[in-house]
Structures are given as structure tokens and as C-alpha cells.
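Every read-out reported here was derived from the displayed coordinates using simple, explicitly stated rules and does not represent laboratory data. Computed from a prediction, not measured in an experiment: that's the story for all the values here. Cβ coordinates were reconstructed from backbone atoms using ideal geometry, including for glycine residues, and neighbour counts include every protein chain displayed.
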Amino acid sequence: ALEAGALVLADGGMCGVDEFDKMANGERHSFLEAMEHQSVSVAKAGIVRPVSARCSVVAAANPKDGKYVAHKTLMENLKVTAALLSRFDLVFVIRDQMDPQHDLFMTQKLIKMRNLRPLDGDERGLSTQMMLEGGGGGGLSRLLDDSLVARCKAVQQTGDLLPAPLFQTLVRYARAFVAPRLSEPAKAELKRLYLQLREGVNEHSRSLPVTPRQLEALIRLSQARARAELSEEVTVSHVRDVWEIVQETELGSRDDVADPEAWKGPSGRLRTGKSPAAKAAIIRKALAQKFSKGASVSREDLKRLFGLYGVDRDMFDVVLEAVRDDGSLLKAGTDTFKVNV
């Protein structure tokens, strides 16, 4: 007898996987096939038959050391192979950081979830009407030229959200009847952004690889963005909304880009990276340019150099440890280091 697994049961829908890093090797091979070919092969009595597993996969994994180490790459923090990670369209790193404002928000959210009550007819109708009319006060039309983040924050502040039943109906309708096609300007924008991603990769990069799979992911996400508006055509604005999301992922951060000029956002603004690993990659190149190999550098000199590249004193020790991690700086004394690049 055969029993269908999670991916097969989720055919045509969505499969959620927790503890993704704890899967056995055999299960990971099944995921590779399912995410590549949208099917799972079943072998029985010498007969191999593919079973449909056409579903979206949302997975969550924990760092192998119990906490995310900032100066290590994603693959060094997770027990997940690069081949499997590359099959996900979006990869986010969510860190549990101490933030009183965020902690208060989470506390209120959890308490509210424990005291949910359905909206009555008047509240549901009012919320829907406000959303469809743009929320009042000029509506959301004036925000169409703003970034995706600005538009989301505006809706969040007003609280003009679609009721869950109406939102579910909208999603079902969009999936069943809306099939957006790429416009010519959208194709050109996708091509430009993908090539920009490729240019940000160098031989020293240890981050997620940029392959044609990432281009396919950008296309899928852009079509999904257009489908959310019930649009039959993918426009440049849809592509740029998706690009904003990609910039917040592990791929978009480009933690290991050593040349800051190799990575710029859609507006042309220089992105040197926010994480310690990204700063460390830039500092390594700066050390090689400003000092000869074997030169001695004091801790104060390093602080001044790090400050030129946006590393404040609070972040100094973390970035310094990341630079020392691969031997670019060697300890020579109490407050003295030797350059080794």
C-alpha cells in the first residue's frame, strides 16, 4: 500500500514545512525533485511512476548552532545545501533581536489573537467599502508612485484591510481566472535587474549563487504581483515591487560582495550591505588597498578605517571578528594586528 506524503497531498495548493533543516537526506532528495519537476517519483514492483506535487513550498529552518552567527554565511549557519536553497524564490533571515518597540507590538499581537471575534455585518461592510474606495482622505491612489514599503505602511497605519473572507475569495478568483503576461517594458526591466544581480557576483563570493533559476523566480513573483491586482499584464511597477522584496532577502543583501561598486539598487544608490559579513567583505578589500601584506595596524587605526565604511563603534568588534575569521587580520599584540591580505 502507498500513502501520499505532504507534497502530494498539497498538489495544487501550498505545503508548509517546519524544522526544514532536520530532514533526512532521502527526504531532501525528494524535495529537490518535487521543487524542480513538480512531481515525486514512486518505485513499486519495478515500476517507477511520477505523482503530481504541483505546490508552493514555505519552509522554516533554525540555525545549527542555536543562534544565527552574523559573520557566517547562510549556508554556514544552516544544515541545508546550496542546491536546495537555490530552488526557493525568496530566502529571508529573521533574527530575534532585542527591540522594546517590536517586543511590545508582538505582545499586543499575541494577546489580540487570543481574543479574536468575527466582525459583524456593519464592521465588515465598512472595512470593505473603505478599502475599495481607497481608505478615504484621498485614498491610496496618491501613493501609487511610492515604494512598496511606503504603500504597505500607509495601509497598516489606517487599518483599512480586506476582511479575511473577501481576501480568500479574491485569491481564489485570481488563481483561477487571471494569467498575466509580461509586457515588453517588464521584460526589459527583468533582464536589467537579473544582469545586475549577476554583476554583483565575484570569485570570492560565498553567498547564494545567482543562476537562471533566480530569473525564473523574478518572473514568477512579478506575475504573482500582477495577479494580486487582477491585472492581465505584468508592468514595470509590478517588477519593481518584487525587486524591493528581493532586496530584503538573503540574495538581495549580497553579503559577500567584495566590490561595493558592483552592487547598486534600482535607483542607482550604492548598497554596501547592512550585515557584518557584508561590511567585512568591503573592509578586507580596503585593507588590501591601503596596507601591504605583513603591515602592523593598531586597533585605533582599524576603528578609523572601519568608520570610513559605515562601521560604528557598537558594530566594530563584530565586524573585526568577521574580518579575522578567514585570516585577513592576525593578532600581533594586545591592540595590534598584522594584515594578511
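From the cross-link list K191/K285; K72/K331; K279/K331, which pairs have alpha carbons spaced over 27 Å apart?
K191/K285
So how do 2-11, 148-157 stack up, highest first, on mean other-Cβ count within 10 Å?
So the order, starting with the most tightly packed, is 2-11, 148-157.
How much length would be gained if the chain were fully extended between A332 and D301, taking 0.36 nm per residue of separation minus their Cα-Cα distance, in nm to one decimal?
Values: separation 31, 0.36 × 31 = 11.16 nm, distance 1.43 nm.
Answer, rounded to one decimal: 9.7 nm.
Note down the relative contact order for segment 32-94 as a percent, whole number, built from C-alpha pairs under 8 angstrom at least six residues apart.
Over segment 32-94, the number comes to 25 percent.
For segment 275-341 and segment 155-179, what is the separation of their C-alpha centers, rounded to whole Å?
49
Order 217-229, 22-34, 164-176 from most to least packed using the mean count of other Cβ atoms within 10 Å.
With the highest mean Cβ count within 10 Å placed first, the list reads 217-229, 22-34, 164-176.
Between beta-carbons, use under 10 Å as the cut-off and find the net charge around A59, counting Lys and Arg +1, Asp and Glu -1.
Every neighbour counted, the sum reads -3.
What does the extension gain come out to for A6 and D65, with contour length at 0.36 nm per residue minus their alpha carbon separation?
Answer, rounded to one decimal: 18.5 nm.
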